[in-house]
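See below for the structure under consideration.
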Amino acid sequence: MGVERLQQEYTDGTRRVIAGVMDRATRIPVTGNQVTVAGFLINVVAAVLVYREAFIAGGLVFLLGSILDIFDGAIARARGEAGPRGAIIDSVLDRFSEAIMFVALALVFAREGNEVAVAAVIIALASSLLTSYLRAKAESLGLDGTHGLMARAERVVLIAAALLFAPLGALPWGIILLAVLSTITVLQRARHVLRQL
């Protein structure tokens, strides 16, 4: 329960900060969808940097793109443009952003001949997609599907940290840790949803 409470507190705190900023920024000359697309394109650049083994730059750019993703919904709400169309665009591009980064990491590890790390990337990607799918499926049934250790924000932080500390050899270990924790999250979320049925 301690971890869940911590997750809820920093999520709520972040939302309050963003809502406060957006209350003063209703005249921003961009739409939420434009911010979503910009964040996606920045994450594509991050993936290219990672593929070229510019890990620190890639990690910083990945963080920037992911931070933009926090603001897209808030901007849409502030402008009175929030709706299902934007939510679908955001969800699809979020999945693509993660997948592209995972592909870049897999290619790096394959080039190095690190088969264990390649397998970890595949597991992490599958678990990431399953985590999101379980939430969507649960919500379509009117259930809570937000339970679990590694939601998207936590995955972004761990990937970025692994990239920033890659020169110290942390990258494969960070991705292996991500694969393990993401798999645990799928099991936690599935159990939580099934217990509501």
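All of the numbers you see were taken from the coordinates with simple rules; none came from a lab. Everything numeric here is computed off the predicted structure, so don't read it as measured data.
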³J(HN,Hα) computed for each position of region 41-51 - Karplus, 6.51 cos²θ - 1.76 cosθ + 1.60, integer Hz, glycine/proline x: 5, 5, 5, 5, 4, 4, 5, 5, 4, 5, 4
Net length gained if the chain between L41 and L143 were fully extended (0.36 nm per residue, minus Cα distance): 33.4 nm
Scalar couplings 3J(HN,Hα) for region 186-197 by Karplus 6.51 cos²θ - 1.76 cosθ + 1.60 (θ = phi - 60°), nearest whole Hz, x for Gly and Pro, are 4, 5, 4, 5, 4, 4, 4, 5, 4, 6, 8, 8
Ordered by residue, what ³J(HN,Hα) values in Hz, to whole numbers, does region 158-172 give under the Karplus form 6.51 cos²θ - 1.76 cosθ + 1.60, where θ = phi - 60° and Gly and Pro are x? 5, 4, 4, 4, 4, 5, 5, 9, 4, x, 8, x, 7, 4, x
When a/c reaches 1.5 or more, the comparison of a/b and b/c decides; with that in mind, is region 78-143 rounded, prolate or oblate per its Cα gyration tensor? oblate
